[in-house]
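The values are calculated or read from the model by the stated rules, or taken from the named source; none is laboratory data. All of these numbers come straight from a predicted model, not from anything done at the bench. Please note: Cβ atoms are built from the backbone with ideal geometry, for glycine as well, and neighbour counts cover all protein chains shown.
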Amino acid sequence: MERKQADYGTQDERYMIQGERYQGQQYSHIYFTRLHHMRTLLHALVPSRNPNVPVTTVLGLEEGKDCVLVGTLFKHMKLKPSILDEYSKERSVVPLVKPHNFMHPEDNLILEDESGRVALAGAIPPAAYVTGVVVALHGKETSAGNFLVEDVLEAGLPPQTLLPSINEDKYVVFVSGLSVGSSTFNPLQFQLLIDHITGHLGDENEQTVASKIVRVVVAGNSVHIAPRYLNGQTVAAKDQPRIAEPIKELDIMLTQLVASLPVDIMPGCNDPANFSLPQQPLHRCLFSGASTYNTFSSCPNPHEFELDNVKFLGTSGQNIDDLYKYSDAKDRLEFMERTLTWRHLAPTAPNSLGCYPYTDKDPFLVESCPHVYFVGNQDRYESRLLQGSEKQQVRLISIPRFCDTGIAVMLNLRNLECTTLSFSTSFDS
Amino acid sequence: MSSGGKRRAAPPAAPSAAGAAKRAHPTPPGAPQPPPPAAAAAEEEDMMDEDVFLDETILEEDEAALLLLDRDEALASRLSRWKRPALPADLVSGCSRSVAFQQLDIDYVIGESHKELLPKSSGPAAIIRIFGVTREGHSVCCQVHGFEPYFYISCPSGMGPDDISRFKQILEVRMKESNRSSNVPKFVKSVELVQKQTIMHYQPQKSQSFLKIVVTLPTMVASCRGILERGITMEGLGSKSFLTYESNILFALRFMIDCNIVGGNWLEVPAGKYRKAARIMSYCQLELDCLYSDLVSHAAEGEYSKMAPFRILSFDIECAGRKGHFPEPTHDPVIQIANLLTLQGEAQPFVRNVMTLKSCSPIVGVDVMSFDTERDILLAWRDLIREADPDIIIGYNICKFDLPYLIERAEVLKIVEFPLLGRIRNSRVRVRDTTFNSRQYGTRESKDVTLEGRVQFDLLQAMQRDYKLSSYSLNSVSAHFLGEQKEDVHHSIISDLQNGNSETRRRLAVYCLKDAYLPQRLLDKLMYIYNYVEMARVTGVPISFLLSRGQSIKVLSQLLRKAKQRNLVIPNMKGQGSGQDTFEGATVLEARAGYYEKPIATLDFASLYPSIMMAHNLCYCTLVPPEDVRKLNLPPESLYKTPSGEIFVKQELQKGILPEILEELLAARKRAKADLKEAKDPFERAVLDGRQLALKISANSVYGFTGATVGQLPCLEISSSVTSYGRQMIEHTKKLVEDKFTTLNGYEHNAEVIYGDTDSVMVQFGVSTVEDAMKLGREAADFISETFIKPIKLEFEKIYFPYLLISKKRYAGLYWTNPEKFDKMDTKGIETVRRDNCLLVKNLVTECLHKLLVDRDIPGAVQYVKNTISDLLMNRVDLSLLVITKGLTKTGEDYAVKAAHVELAERMRKRDAATAPTVGDRVPYVIIKAAKGAKAYEKSEDPIYVLDNNIPIDPHYYLENQISKPLLRIFEPILKNASRELLHGSHTRAVSISTPSNSGIMKFAKKQLTCLGCKAVISGPNQTLCSHCKGREAELYCKTVANVSDLEMLFGKLWTQCQECQGSLHQDVLCTSRDCPIFYRRRKAQKDMAEARVQLDRWDF
């Protein structure tokens, strides 16, 4: 049987910081660029959504007068952890109970543009928004000096290229959270996945399906290295090989995969990569075996690519996890949807999510709408087809952690339908 | 007990404010007032009245003084929004309604006596002015007539009515001689024979003859006193000098005492008893004239315990300093003034305003006023003060900086009409240097700005008075009390912002506004208005005294009030104490140092010194001098003989005044506390809580008053008796506890007193649970209380468990008041707050104590110390933890000994004069590695410079001079070989020192790439690892990248935090607050970030 192929192209240059030189810049530039970019978009939308309402700045506000403001939201949060807490005068004797996230009923939103800040009230629920989102707000200034919001204008889904019609089944497999080296990692389970993809398992039927897999995307957290080896303290000579052990193991497994089909590997928050977004590709020296194949590609996080003109965009999950800490939604897919309608992959960067201090661009702005938007390292598998107002169609996928669930996700390029591949090594099920 | 006084010649500095003389030099009436002398008063005299004459000549001129308001209508309409509510019509026209108001400030002025109210008198007289606010928020100036200054002398025996009138004539002549320049027609108004008694010493007879001498003007009291003290010659009686009584009381206070007025209480002028002023002298809405006898003073109870809606103005100014200089009014313009006006009791200011020089972009919710010239700003500010009419002016360091700066600046610019900021029409504000000297608060130089009718409340002064903090910068104070960091813009940047455009000036305005808002928030948070008004009410002094004067005036005020009721008079004994007398202080039982793992019960004497004074009737008027004991032939059973050998009569013969004052204070405190429990309304609770606190402080300061050898009325017999009783009681308690709680008496264990201090005794009963210890503690307290005279009471308060007793006055322990859960960790005398230590010490000590006491994990604490020391030696400690900060109070030449921070300031000035610290700044520094034998002061360096140039710090300095002592103190009671274990173990072997990047020998060194794995020199230019380490590539890469990722995480956290403090996302962070704990870390993160990227790039091959 012959494996199917698909044309592959990446748009990852925007996430590479190779060329950037750090020159002591701060974070104000990235906010400025973001606001500037989004303002042009939002200004264009105002006439159709709120005709006859003037657009102004925070400075130009006049009490009681209807207007539209465009600015960056800032959410003032009572429970937001601060680095200053390390220095607080009284060490609390009883450890605080940590809530699942940092929301508090007294959180409030502030809108900021270059000219100033104004506190928001009215029809804008603080729970749904986070710091860093750029929106247009329709409302008026009250006598108390607040801005009473009547209506929130978000940019909405970006324009999308036409979904190419593919008339045969081609599959892409997504897997995340392999966590090789962690206590929950099960080598057999991973081997089953590899054998399934490479066609060494199952009957002819299953092998036929396997032969239609054109690419595997590993979305972050592939290894787990005990933090005690990396805290800067000297590591005893006998422990030194331990650091590299999980990576070697992963390399062996990956080599089996890349021998038969292309694999994209993205870094995640536990991987040996830099911390702040965009995370740079895992270094080739880590994969002495797999990197010898030209089917192996080490990609940044976020990762953006095309397969047969189907546009993919995804992250290893940090952007959505951070939204979950600072805002509320019914499920992870809703968070994903919001990042698309805000046209920003990671609005909380740099505020609560680490981010490179760019000076002249904001790489996380979503300028064109992907057909598939995936996020790795989530608690469970979820998927939905999102329909945009201009006929955009986006497949949202929340990829679960493989080491916890044994689930990988398989997407059909032909119709963007999703199925799960579930592997279990226990006999009772 | 007595230092302080030696330095100074007579008159000695009292604990009360020395030299806080309120008024400028007296000027003869009619002559225009000269500008205030800038220099300090040559000789400091505490408690001195100065007569200010109403100067009517410039009244007209003032009317003509151009109000900016008249010129600028727009400004006028904007300012008019801030006016006080309009007076109701019936008050505007008639006098048919009684007027009640809460008074805030009382002073006096010399004017013509009121012809209508006092038809019989004429000529100049002292007129009391009371400023206050009505319930509706109207400002009132009440001029009280008819009250005359007086004092007493004891009447020489055998003086008849004729002698008295002769005496009066002689006195009048002498007065005229010594006040030649004065053209007052009459000096001595009357001399009258009265029956009084002196407060000093027990006297069986009920009264003696005294002469009450009434003079025309308040200052004449002092000059008359001088004449009488030097002695006058009278026919038939010969030359005689007199001891004067109550001759050192400020006129305003005398008036308050005689009219039963206490600071901050409500006064009422009944309908029909007042006249509307014929000629308006003040800017108050209501100006009344009345007789002092018609004034009704209400006790602060019920309706009258409330607060009137005072207007509080909080302001801050910004000046454009020149590079390298602290702003000086002679050169540097005032560029912005931010103002916030708040009504007392309301959460938010109702006006926010900022005045700027040159245009400024608008700010949401803020009234921005821009002016073209500095003259206009200053005048607009004056008009704002006049229109808004604030009762209290607050700010941070306004008394020493902002207010004097504005006034001096106006003088430099020759704006003569500027300093009309008080409430009196023609009165210009005067500035003078003063020294505030108090044993309790230390010596502090300040400036005294007279703003008639407006109370100034400088939060900086209040902080320095009431709290011991490591730094008093507004930034660290607000971090401490409000839990937020304040952005700090260096004064060299301020000029740049000002010289930018309207946007940069807006940036500065936002900063300025925040500086004006923080004092207001501090005032609210710390309930200062409530606490100070209550303190004024309890002690009876005007509110303005509380900040500008020491403790003794408060006690004196109470003593005078009480003495008046008892018909006693107080001699003016000032200057008699030599300042050298000492007596034995409180006792401290020897501490049995150790780490106690059984509960330690603490028995406390409740209000020890006050209760001793009450129990043993210790007072001026119950003291029997040794020579009197036999003379008076008093029965021994009605006398107390104190352990220090003094004799006092018992209550039956004569009840002491001090005990009576104390009883009232403590009873009032009990009431206030009971009311506090009942009270629901938060404002009422605030008042009551302020009151009980004021009562407690007042009760405790009575003892100090008697012991202040250079004070108003020292009486060492009392204070030494108090401490001797205290000592005796502590010993007695120890003995009783150890005798009673023994196995012989049926108790499980023998009790042991391990430590005792002034008013508390720590007992180990030997039981192992908190509950049992509490039971025994209570039993012991009740049992021992029985053996003391009432109201002395031993109370059981708390358990320490576990308890680490280091030495006298140094201990730490967990504090329990109920058996279930401990309340807190209590430490005393341990380096957790010392200001001259670096943060590392504080963190280390706090963490160790926490591990020892809360976690009970001794090995854990030891490990923690070792890790920290290892981190220090391995150069892994965050630099900000190593910064030591000291204030630069004078320049290098003025310091006798070379000091690290002074030398550093000098060096920094050579590098860059613009940002170098100047006098008044705090200088942060770290100790760096230097050549062998370098002096300590040569090893100090600017932390930023250290960061930028990778200069190695000296870990051994920190180990030996900073952390070793405090650590050993804690661990010595616990570990056997603390020093060897902690400071010399294997963890101290590895040392890493960073290489300086730009200095000395390094310029000659050739840099070579080394293998990242083993540091072997690599030959090729593009290699990362040597051939041996090639196999470890993955591992070594992981380590490098983990390091980078930690740095990135830190970078993100630090810089977003600063954005948050600054309150803006779209603008760069400007803050250079060196008080902020993350300032250096932020800088370091910035540098590390750049370096880490270079490191990582080496892997790209």
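Brief remarks on what is shown
- Number of positions in segment B:416-426 that are in contact with a strand residue (DSSP E or B) (Cβ under 9 Å, 6 or more places away or on another chain) and assigned to a loop (DSSP other than H, G, I, E, B): 5
- Here the condition is being β-branched (Val, Ile, Thr) and within 9 Å of chain B (Cβ to nearest Cβ); of A:70, A:53, A:46, A:58, it holds for A:58 alone.
- Any hit, segment A:164-176, residues being over 25 Å from residue A:262 (Cα atoms) and free of Cβ contacts under 8 Å to residues at least 40 places away in the same chain: no
- For segment B:198-213, a residue qualifies if it is assigned to a strand (DSSP E or B) and crowded, with 16+ Cβ neighbours inside 10 Å, and the qualifying residues are B:198, B:210, B:211, B:212, B:213.
- Yes/no for residue B:722 being touching a residue at least 24 places away in the same chain (Cβ under 8 Å) and not in a helix (DSSP H, G or I): no
- Segment A:277-329, residues that are among the β-branched types (Val, Ile, Thr) and over 26 Å from residue A:416 (Cα atoms): A:292
- Condition check for residue A:358: of a type in the set (Ser, Thr, Tyr), touching a His at 6+ places or on another chain (Cβ under 8 Å) and farther than 16 Å from residue A:268 by Cβ: yes
- Of all residues making up segment B:1061-1080, the number that are facing chain A (nearest Cβ under 8 Å) and either outside any loop (DSSP other than H, G, I, E, B) or touching a helix residue (DSSP H, G or I) at 6+ places or on another chain (Cβ under 7 Å) (or both): 7
- Flag for residue B:1044 being closer than 25 Å to residue A:71 by Cα and either facing chain A (nearest Cβ under 7 Å) or surrounded by fewer than 20 Cβ atoms within 10 Å (Cβ to Cβ) (or both): no
- Residue list for segment A:329-347, filter: part of a loop (DSSP other than H, G, I, E, B) and more than 11 Å from the chain's Cα centre (by Cα): A:329, A:330, A:331, A:342, A:343
- Residue, surrounded by the most Cβ atoms within 10 Å (Cβ to Cβ), within segment A:187-225, restricted to residues that are closer than 22 Å to residue A:241 by Cβ and hydrophobic (A, V, I, L, M, F, W, C): A:223
- Residue check for residue B:173: in contact with a Leu (Cβ under 8 Å, 6 or more places away or on another chain) and surrounded by fewer than 16 Cβ atoms within 10 Å (Cβ to Cβ): no
- Cβ separations smaller than 7 Å between residues 6+ apart or across chains give the following pairs from segment B:633-646 residues that are free of Cβ contacts under 8 Å to residues at least 40 places away in the same chain and at negative phi to residues that are part of a loop (DSSP other than H, G, I, E, B) and surrounded by 14 or more Cβ atoms within 10 Å (Cβ to Cβ): B:638/B:650; B:638/B:653; B:639/B:650; B:640/B:616; B:640/B:617; B:640/B:650.
- For residue B:577, the conditions (1) at pLDDT 85 or above; (2) part of a loop (DSSP other than H, G, I, E, B) are fulfilled apart from (1).
- Of the residues making up segment B:146-183, those that are within 22 Å of residue B:246 (Cβ to Cβ) and part of a loop (DSSP other than H, G, I, E, B) are B:146, B:147, B:148, B:149, B:155, B:156, B:157, B:159, B:179.
- Output for segment B:330-345, where each listed residue is at pLDDT 85 or above and part of a loop (DSSP other than H, G, I, E, B): B:330, B:331, B:332, B:333, B:344
- Scanning segment B:371-415 for residues being part of a loop (DSSP other than H, G, I, E, B), over 25 Å from residue B:310 (Cβ atoms) and touching a residue at least 12 places away in the same chain (Cβ under 8 Å) gives a total of 4.
- For segment B:350-370, a residue qualifies if it is within 12 Å of chain A (Cβ to nearest Cβ) and either assigned to a loop (DSSP other than H, G, I, E, B) or surrounded by 18 or more Cβ atoms within 10 Å (Cβ to Cβ) (or both), and the qualifying residues are B:350, B:352, B:360, B:361, B:362, B:363, B:364, B:365, B:366, B:368.
- Qualifying positions in segment A:19-31 - in a loop (DSSP other than H, G, I, E, B), within 24 Å of the chain's Cα centre (by Cα) and more than 8 Å from chain B (Cβ to nearest Cβ): A:19, A:20
- Residue within segment A:364-379 that is assigned to a loop (DSSP other than H, G, I, E, B) and either of a type in the set (Lys, Arg) or within 14 Å of another protein chain (Cβ to nearest Cβ) (or both) present: no
- All strands (runs of 3 or more DSSP E) inside segment B:600-658 with 3 or more residues being within 27 Å of residue B:783 (Cα to Cα): B:600-605, B:639-641
- Restricting segment A:166-186 to residues that are at pLDDT below 85 and exposed (fewer than 14 other Cβ atoms within 10 Å of the Cβ) leaves a set whose member that is nearest to residue A:423 (Cα to Cα) is A:184.
- Looking only at residues in segment B:80-115 that are modelled with pLDDT under 80 and of a type outside the set (Gly, Ala, Ser), the one that is surrounded by the most Cβ atoms within 10 Å (Cβ to Cβ) is B:91.
- Considering residues of segment B:678-710 that are more than 17 Å from residue B:534 (Cβ to Cβ) and not small (Gly, Ala, Ser) only, the residue surrounded by the fewest Cβ atoms within 10 Å (Cβ to Cβ): B:680
- Residue B:155 being in contact (Cβ under 8 Å) with a residue 24 or more places away in the chain, outside the structural domain of residue B:282 (by TED's automatic domain parsing) and buried (at least 18 other Cβ atoms within 10 Å of the Cβ): yes
- Boolean, residue B:727 is surrounded by fewer than 23 Cβ atoms within 10 Å (Cβ to Cβ) and in contact with a strand residue (DSSP E or B) (Cβ under 8 Å, 6 or more places away or on another chain): no
- Tally, over segment B:775-786, of residues that are surrounded by fewer than 16 Cβ atoms within 10 Å (Cβ to Cβ) and either closer than 21 Å to residue B:666 by Cβ or at pLDDT below 85 (or both): 2
- Selection status of residue A:271, crowded, with 24+ Cβ neighbours inside 10 Å, in contact (Cβ under 8 Å) with a residue 24 or more places away in the chain and within 11 Å of another protein chain (Cβ to nearest Cβ): yes
- Selection over segment A:60-74 of residues that are part of a loop (DSSP other than H, G, I, E, B) and either under 13 Å from residue A:149 (Cβ atoms) or out of contact with any Lys or Arg (no Cβ under 9 Å at 6 or more places or on another chain) (or both) gives a count of 3.
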